[in-house]
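Each value in this text was obtained by applying a stated rule to the coordinates, not by laboratory testing. The structure displayed is predicted, hence computed values, not measured ones. Virtual Cβ from ideal backbone geometry, glycine too; neighbours counted across all protein chains shown.
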Amino acid sequence: MAIFIVLQIINDSIWGPIELSPTSWKIINTPEFQRLRFIKQLGGCYFVYPGACHNRFEHSIGTAHLARTLGTELQKNQPELKITQEDIICLEVAGLCHDLGHGAFSHLFDLQFIQKARPGYEWEHEEASLKMLDRIFEIVSLDDLTKESQTFIKELIKKPKGSYEGRPKEKHFLYEVVANDVNKIDVDKWDYFSRDCHMLGLHHNFQCQRSIKIARVIEHGGERHISFPKSEYLNIFDMFSTRYTLHRQAYQHPANRVVQTMISDAFIKADRYLTFPPNKPKGKSGKTLSESIDDMDAYIWVTDDVFHRIRTLSEDNENVKQAKTILDRILSRDFYKIIGEKKVQFKGEKQKVYLKEKFQYSYGKKNKEQKVLREPIFNRCSA
Ligand SMILES: [Zn+2]
């Protein structure tokens with residue numbers, strides 16, 4: 001009797017049928033990964049673009065697919081690079097897990113809420129991604145991956161402070177696949193540019209499938225880098241043009257910025273009145289929203305659901321009342337009004353370019369005199 005192995009295939013709205021390794025399937029079927037179903041890719045943008053309802057879950061699967069595809073193409077076209085199957089699985093898993101640490105409403109949580117709730121505390125969602133990944137490594141047996149490979153996956157997600165240990169120097173070009181610190185051309189952006197445009201109804205000409213086929217690793221300055229032929233420059237130009245369009249029309253859309261600020265304000269006011277995990281008393285077992293980042297047992301509960309949890313709090317103090325009022329105002333589209341805008345130069349920080357914008361909002365209700373001004377807010381130019 002013939003035995004058939006039934007392959008599990010994901011039908012992705014952007015990339016079509018996707019096949020992933022058994023290791024990735026094991027990771028997808030954990031609560032740590034499933035949590036991403038409940039975190040909007042573009043946070044509050046859903047209140048501006050009705051199509052922006054996609055979540056980190058599908059973006060992570062798409063990124064895993066592109067990471068594996070790029071690794072496989074390089075392996076096929078350049079056997080001299082000695083890319084192994086294990087290397088490709090690591091790329092796929094890193095693509096899958098790179099956003100595990102996002103909090104409620106994605107970047108709103110780390111770039112606005114945590115910065116205000118814990119000023120001076122340096123925290124990036126990638127730190128939580130690594131902690132979540134550690135939990136998954138405990139649940140899922142990764143017999144097919146060596147210790148070096150597990151280190152390699154973590155280094156692909158978050159660049160280590162010291163030197164790379166997961167792979168030797170001749171394979172350092174692999175660190176440019178998921179998060180490219182050299183030129184920002186990586187599979188993470190290829191997925192979210194394509195996915196965001198599709199969901200928002202914006203057009204783009206960039207074709208990453210073409211770039212994947214045409215990419216080659218070449219040596220430059222004694223180091224190997226993933227590169228593209230000169231003839232590909234128009235396609236790459238279109239990629240950065242798409243990024244600009246998305247920032248102008250969606251990520252930095254004034255109404256989106258206002259909604260994100262309002263949600264963040266509500267989180268600040270309700271911070272001490274929510275506990276994670278839910279119903280656990282504050283103290284040893286229960287953390288506040290801003291403390292949740294210190295304890296993954298608490299953080300695993302931090303999803304967009306926080307919005308509705310605030311709305312169900314009992315109104316026995318002024319802060320909770322104000323938090324609920326802000327969220328109610330979002331639902332009745334009574335947004336803060338922008339009464340001023342100023343763009344200023346922001347100097348580079350560790351090779352990252354930031355756009356710093358200063359907005360001032362009114363707390364006033366519709367048609368009332370604007371008296372109270374908000375502190376300036378700052379947003380990073382990335383999504
Ligand atoms: Zn991502």
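At a glance:
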item: Mean-position separation - Cα centroids, segment 158-200 and segment 47-99, in angstrom; result: 9
item: Volume per residue of the C-alpha convex hull in segment 102-260, rounded to whole Å³; result: 166
item: At most 14 other Cβ within 10 Å, DSSP loop - trypsin sites (Lys or Arg not before Pro), segment 214-309; result: 284
item: 9 Å beta-carbon shell around residue 65, net charge (K/R +1, D/E -1); result: -3
item: Spin-label zone in segment 68-86 - amide nitrogen under 20 Å from a point set 7 Å from the Cα of residue 214 along the C-beta vector; result: 69-78
item: Sorted by Cβ neighbour density within 10 Å, fewest at the top, the residues 198, 203; result: 203, 198
item: Fully extended contour minus Cα-Cα distance, from residue 75 to residue 236, at 0.36 nm per residue; result: 55.8 nm
item: Least to most buried among 228, 206 (fewest other Cβ within 10 Å first); result: 228, 206
item: Segment 176-284, relative contact order [Cα under 8 Å, separation at least 6], %; result: 17
item: Exposure proxy ranking, count of Cβ atoms within 10 Å, fewest first, for 197, 97, 53; result: 53, 197, 97
item: Rel. contact order, % - alpha carbon contacts under 8 angstrom, at least six apart, the chain; result: 15
item: The chain, helix-only ellipticity at 222 nm - DSSP H runs n ≥ 4, -39,500 (n - 2.57), divided by all residues, nearest 500; result: -12000 deg cm²/dmol
item: Cleavage-rule hits (trypsin sites (Lys or Arg not before Pro)) in segment 92-184: DSSP loop, at most 12 neighbouring Cβ within 10 angstrom; result: 161
item: Charge tally in the Cβ shell below 13 Å around residue 132, where Lys, Arg are +1 and Asp, Glu are -1, residue 132 excluded; result: -2
item: Theoretical FRET efficiency, 1/(1+(r/R0)^6), r = Cβ-Cβ of residue 172 and residue 312, R0 51 Å, to 0.05; result: 0.55
item: Debye intensity ratio in log₁₀ form over the Cα atoms of the chain, taken at each q of 0.08, 0.11 Å⁻¹; result: -0.44, -0.83
item: Residue-span extension gain [residue 8 to residue 198] - 0.36 nm each, minus C-alpha spacing; result: 65.9 nm
item: Formal net charge of residues neighbouring residue 46 (Cβ-Cβ distance under 11 Å; K, R +1; D, E -1); result: 0
